[in-house]
Amino acid sequence: MPQIAFIGECMLELSGALPGHVFGAAKLGFAGDTLNAATYMARTTRLIDPDAGQSASYITALGTDAYSNAMLTAWQEDGINTVLVRQINGALPGLYTIQTDADGERSFSYWRDQAAAKQVLGGDHAAKIRAAFAQFDGFYLSGISLAILSPEDRQNMIKLAAEYADQGGKVYFDTNHRPRLWSDDQTAIDIYQAIAPYCDTVLPTFDDDAALFGDKTAQETGQRWLDAGVREVIVKSGGEPTYWCDKDGQSGFVTPPVITDIVDTTSAGDSFNGAFLAARSHGKRVEDAIAVAQKVAGRVICRHGALVDISDLKLG
């Protein structure tokens, strides 16, 4: 069974139960873009092949506290390999809160400056990751995976990706650009362009890339990444058709199903990415894999929260 290693940050999530109120009852959970993608790869893999073994491995750093241990247990119960999670005595996971106003609009606040995940490449952990490369068929990271690191560790992460690609591994990347995590736009652009030549597949969201790079169309986004050295590009555009293109000159659009009961778009792109990789790992053509990913993302945005049950979803 092909296995992909996802690397990045998972945070504690505190969401208020009373719209329009900052204080009061709240629900504690966890989420993070790369963890979400890993989770949906594991869950989609089980839908495609119930007898499949582990398909996703998660790489991050946590503490040794009760919250960190509970997250580890939850990931393992979801079929995610956690052997490369670094646990650091005295460290804690990051935290973010979700506030929903009276009109249903969501806003976020973050406490992540001292998060354990920022030390994922510290100590001898980068060497452990490198030593484990042979067991992975893919290596997935995002703009957030890079943004939370120190400048030195960003370069180390790019070096890891380059070494993995040089060994014949496939690197998967989603810009998932979050401006507040970067000192300025140019720094982010430079880092994204630095990792691009080592990427097999990039899965950007058009709105994110358009805001950062000034792209006018999904085709422009796709071509820009191809010109940077990427082999295949999948451009997500919300409810609009997904555009794909590759180095062989093939391209096309896949129209998603119409969704009318959207309640929460959290993890829409992450779930798409994880489901797409699950489908591609099982030999599906790019158009068919996109259709699977659209169906999974369509379920996710019709439920509250980043991680929702898809066990009854019919992929067809």
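Please treat every number below as a calculation from the coordinates, not as lab data. Worth saying up front: this structure is predicted, and the values here are computed from it rather than measured. Note that we place each Cβ from the backbone using ideal geometry, even for glycine, and neighbour counts take in every protein chain shown.
Between 208, 124, 33, the GNM of the chain built on Cα springs shorter than 10 angstrom shows 124 fluctuating the most.
With neighbours defined as other Cβ atoms within 10 Å of a residue's Cβ, the residues 45, 97 order from fewest to most as 97, 45.
Could you work out the relative contact order of segment 209-307? I mean the mean sequence separation of Cα pairs under 8 Å and 6+ apart, divided by the number of residues, in percent. 22 percent.
How much of the calculated P(r) for segment 102-181 lies past 17 Å, in percent of all Cα pairs? List each step's numbers first, then the result.
Numbers: 1699 of 3160 pairs.
Everything past 17 Å amounts to 54 percent.
Rounded to the nearest 20 debye, the dipole magnitude of segment 197-272 is 180 debye, with +1 charges on Lys and Arg beta carbons, -1 on Asp and Glu beta carbons, and the Cα centre as origin. Each of 210, 6, 99 was scored by the projection of its Cα onto the charge dipole of the chain, and the greatest displacement toward the positive side belongs to 6; charges sit on the C-beta of Lys, Arg, Asp and Glu. Report summary: the helix-based calculation at 222 nm, which adds -39500 (n - 2.57) for every DSSP H run with n ≥ 4 and divides by the residues of the chain, gives -11000 deg cm²/dmol. Counting only Cβ charges, +1 for Lys and Arg and -1 for Asp and Glu, the dipole size of segment 1-151 around its Cα centre is about 320 debye.
Length, then width, then depth: along the principal axes, the Cα atoms of segment 23-134 run 50, 38, 21 Å.
Once you've got the Cα coordinates, tell me which of 27/284; 118/170; 128/295 are over 29 Å apart. In this structure, 27/284; 128/295 exceed 29 Å between Cα atoms. Cβ-Cβ distance of residue 87 and residue 186, R₀ of 41 Å, FRET efficiency by 1/(1 + (r/R0)^6): the value works out to about 0.70. Placing unit charges on each Cβ (+1 for Lys and Arg, -1 for Asp and Glu) gives segment 260-316 a dipole about its Cα centre, and among 282, 301, 263 the Cα reaching farthest toward its positive end belongs to 282.
Sorted largest first, the spans of the alpha carbon positions of segment 5-68 along the three principal axes are 44, 28, 19 Å.
When each full DSSP H helix of the chain is screened for a Cα extent of at least 15 Å along its own axis and an average Kyte-Doolittle hydropathy of at least 0.5, the helices passing are 286-300. Label positions at residue 135 and residue 240, each projected 7 Å from the Cα along the C-beta direction, are separated by 4.2 nm. Stretching residue 260 away from residue 163 to a fully extended chain increases their span by 30.5 nm, per 0.36 nm per residue minus the current alpha-carbon distance. The trypsin sites (Lys or Arg not before Pro) of segment 239-316 meeting both criteria, a DSSP state outside H, G, I, E and B (loop) and at most 10 other C-beta atoms within 10 angstrom of the site's C-beta, are 285, 314.
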